[in-house]
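Single-structure report; data block below.
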Amino acid sequence: MVRRNASARERFFARLPGVVFRIDETGKVEFASEHGLDWAGVSTSDSLPKQVFDPETLQNLRREAIEAKGTIQTLEDTVKANLGEQRWVRIQMRALPPFTDDCQIDCILWDITELVQERNRRRESEERLQILETLSNEALFLHDGGKCVDTNNAAERMFGYTRNELLDLSASDIISSETLPLVMANIRSGYDKPYEAVAKCKDGTMFPCEINGRNVMVQDKTLRLTSFTNISDRKFAEEQIRFQASHDALTSLPNRYLFMDRLGFAIKLSQRRRECFALMFIDIDAFKELNDTGGHSTGDKVLGEIASRLTGTLRNVDTVARIGGDEFTIILPGSETPEDAEKVARKLQNALSGTPIDLGNDRPPYHVSASIGIALYPDHGETVDELLVSADDAMYAAKRSGRNNFRFATNNRSRTR
C-alpha cells in the first residue's frame, strides 16, 4: 500500500510491476520502490544490495550504464528475492547526465522467472523434437496440391535427395507412375486413412510405402501433411508367410495346397482353350530304405537334389510340386499327345538316374530311380480327383512292373517304356 505522504515519484514507482531503484554516485542504492522492497523481503533501501545484489554486480551495472551514455541497457540475470529465493530478472538501466564516473543510474528490474522457465521448456521441447526427427524413419512432407513446401531429415534419407532438391519436386517425382493416379486422387479428395503405394528414389530405385495424409491449416491456408513409411521389410515378411503357406519347406517347391490350386486352374484353362495337358505322379523307388539306413538328414539332402533335377529339366510353365514324403507331381500344359508326355518322362528319368548323388561321410553314392504314372486330360479324367486317381494308379502300375519305369493311365490308352 502506498503511503499518503509519499512523493509523486514514489507513488508512480509503487504502481509499476517491477522493482525500481537508483544507484547513487558512490555505488549504493539511493532509493527503491516499496513494491521492490516487499518483493525483496527487506524494509529499507540500504538493505536491498545486501539481500539482492552483491557489490560487484552493482559496480558492473554502473560501468555498463555509464559506457552507454544514456542509452538504455538490458541484461538478464538471477538474483535473490524474498527468503533467499533465486529468481530470473531482466534489468534495464540508464545513466543520468553528466555521464561521469560519479553519475547516478536509474534501474528497473522485472521478474521474468516464469518467462525463462517457459522459454527453457520450449527449447527443451524443440531439442527433443529435433532428436526425434533425426531418429525417425518416417518421411514427412508438407505440400500444396502435390508441390512440396517443407519436409524433414527422414525424407532426405529415404529418397536420397537434399532438402532443397525435395522442395523443388512434385508428387510425380517421388511416386511411381503406376500408383501416382491413386496418390493424386487421395490428395484431391482429402483422404485421411493409410494406404499403400510405390515410391521412387533419386537413383531410380522403387520401394513399397505406406502413405498417411491429412489436411492441415497453416496461416489460413489448407495444406496437406503426408507421411511416408518404407514397408519393404513388412512386404518381405508378408511374402515369406505367403510363400511358406504354399510351398514345401525342404525343397521350396509348391506344396499340396498350391498344386491342387494349379491343377484346377490347368483344367479350366484347357477347357476354355480346348487343349490337353499331362499330369505326372512320381514316387522315388526304395526311398524308405535310404531314410532307415542314412537317417532323415541324408534323406532330406537327396530330396533336395531330386527337386533341383526335376525343376532343371522342365520348362518355366510346368509345375513341379512335392505333395508329401518322396512323392512329386508335375503338370505339363500343352502336352497334346502321349508321345509328348513320354519324351518328358524319359528326360526326367535320365536326369534322376543319370548321375548318382554324393552323400559324403564315406557313404556310397545314392543311385536314384523313380516310378512315374502319367494321366492325360481329358482322356484319363476331367476333374482334379479323376486325374489324380488315374496318375496314382499308373504310378503303382509302374512300380509293379519293376520300378524305374513309367506307365500311362489305362482308362483309354496305355504306354510302356
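Yes or no, residue by residue, for (1) more than 23 Å from R63 (Cβ to Cβ); (2) in a helix (DSSP H, G or I); (3) modelled with pLDDT of 70 or more; (4) small (G, A, S):
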position	(1), (2), (3), (4)
V79	no, no, yes, no
E114	yes, yes, yes, no
E124	yes, yes, no, no
Q130	yes, yes, no, no
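Go through (1) closer than 30 Å to E25 by Cβ; (2) modelled with pLDDT of 85 or more; (3) among the acidic types (D, E) for E156 and report which single condition fails.
(1)
Only one of these is out of contact with any Lys or Arg (no Cβ under 9 Å at 6 or more places or on another chain), over 15 Å from D38 (Cβ atoms) and open to solvent by 30 Å² or more (accessible area, probe 1.4 Å): E85, E76, E114. Name it.
Sole residue among the options that is out of contact with any Lys or Arg (no Cβ under 9 Å at 6 or more places or on another chain), over 15 Å from D38 (Cβ atoms) and open to solvent by 30 Å² or more (accessible area, probe 1.4 Å): E114.
Does segment 258-280 contain any residue that is within 19 Å of I357 (Cβ to Cβ), open to solvent by less than 70 Å² (accessible area, probe 1.4 Å) and out of contact with any Asp or Glu (no Cβ under 9 Å at 6 or more places or on another chain)?
Looking through segment 258-280, none of the residues is within 19 Å of I357 (Cβ to Cβ), open to solvent by less than 70 Å² (accessible area, probe 1.4 Å) and out of contact with any Asp or Glu (no Cβ under 9 Å at 6 or more places or on another chain).
Taking the stated definitions as given, is T311 surrounded by fewer than 19 Cβ atoms within 10 Å (Cβ to Cβ) and touching a strand residue (DSSP E or B) at 6+ places or on another chain (Cβ under 8 Å)?
Criteria met by T311.
Evaluate the following for L387: is it buried (at least 17 other Cβ atoms within 10 Å of the Cβ) and either in a loop (DSSP other than H, G, I, E, B) or in contact with a Ser or Thr (Cβ under 8 Å, 6 or more places away or on another chain) (or both)?
No; evaluated as a whole, the condition is false for this residue.
Looking at the structure I just gave you, is N361 farther than 24 Å from Q271 by Cβ, without any contact (Cβ under 8 Å) to a residue 24 or more places away in the chain and either touching a Lys or Arg at 6+ places or on another chain (Cβ under 7 Å) or in a loop (DSSP other than H, G, I, E, B) (or both)?
The answer is yes for N361.
Could you tell me which residue of segment 219-243 is surrounded by the fewest Cβ atoms within 10 Å (Cβ to Cβ), considering only residues that are under 14 Å from M158 (Cβ atoms) and among the polar types (S, T, N, Q)?
By that ranking, first place goes to S232.
Residues N255, N212, N186: which one is touching a residue at least 24 places away in the same chain (Cβ under 8 Å) and over 30 Å from S297 (Cβ atoms)?
That would be N186, the only listed residue that is touching a residue at least 24 places away in the same chain (Cβ under 8 Å) and over 30 Å from S297 (Cβ atoms).
Suppose we filter segment 263-278 for residues that are touching a Gly at 6+ places or on another chain (Cβ under 8 Å) and closer than 15 Å to V384 by Cβ; how many remain?
1
For N316, all conditions in the list (1) farther than 20 Å from L263 by Cα; (2) open to solvent by 50 Å² or more (accessible area, probe 1.4 Å) hold save one; what is the number of the exception?
Every listed condition holds for N316 apart from (1).
In the set D326, D379, D362, D340, which member is surrounded by fewer than 22 Cβ atoms within 10 Å (Cβ to Cβ), under 23 Å from R256 (Cβ atoms) and either in contact with a helix residue (DSSP H, G or I) (Cβ under 8 Å, 6 or more places away or on another chain) or of a type outside the set (A, V, I, L, M, F, W, C) (or both)?
Step by step, each of D326, D379, D362, D340 is checked, and only D326 is surrounded by fewer than 22 Cβ atoms within 10 Å (Cβ to Cβ), under 23 Å from R256 (Cβ atoms) and either in contact with a helix residue (DSSP H, G or I) (Cβ under 8 Å, 6 or more places away or on another chain) or of a type outside the set (A, V, I, L, M, F, W, C) (or both).
Is it fair to say E56 is loosely packed, with under 14 Cβ neighbours inside 10 Å, out of contact with any strand residue (DSSP E or B) (no Cβ under 9 Å at 6 or more places or on another chain), at pLDDT 70 or above and over 15 Å from I91 (Cα atoms)?
yes
Between a residue in segment 285-297 that is buried (at least 18 other Cβ atoms within 10 Å of the Cβ) and any residue that is modelled with pLDDT under 85 and part of a loop (DSSP other than H, G, I, E, B), which pairs come within a Cβ distance under 6 Å, given they are 6 or more apart or on different chains?
Going by the 6 Å Cβ cut-off, the qualifying pairs are D285/R403.
The values are calculated or read from the model by the stated rules, or taken from the named source; none is laboratory data. Every value quoted in this text rests on a predicted model; they were computed, and no experiment measured them. As a convention, Cβ positions derive from the backbone with ideal geometry for all residues, glycine included, and neighbour counts pool all protein chains shown. Note: accessible area is taken over every heavy atom of the protein model, side chains too, but ligands, DNA and RNA are not part of it. Shrake-Rupley method; radii C 1.70, N 1.55, O 1.52, S 1.80 Å.
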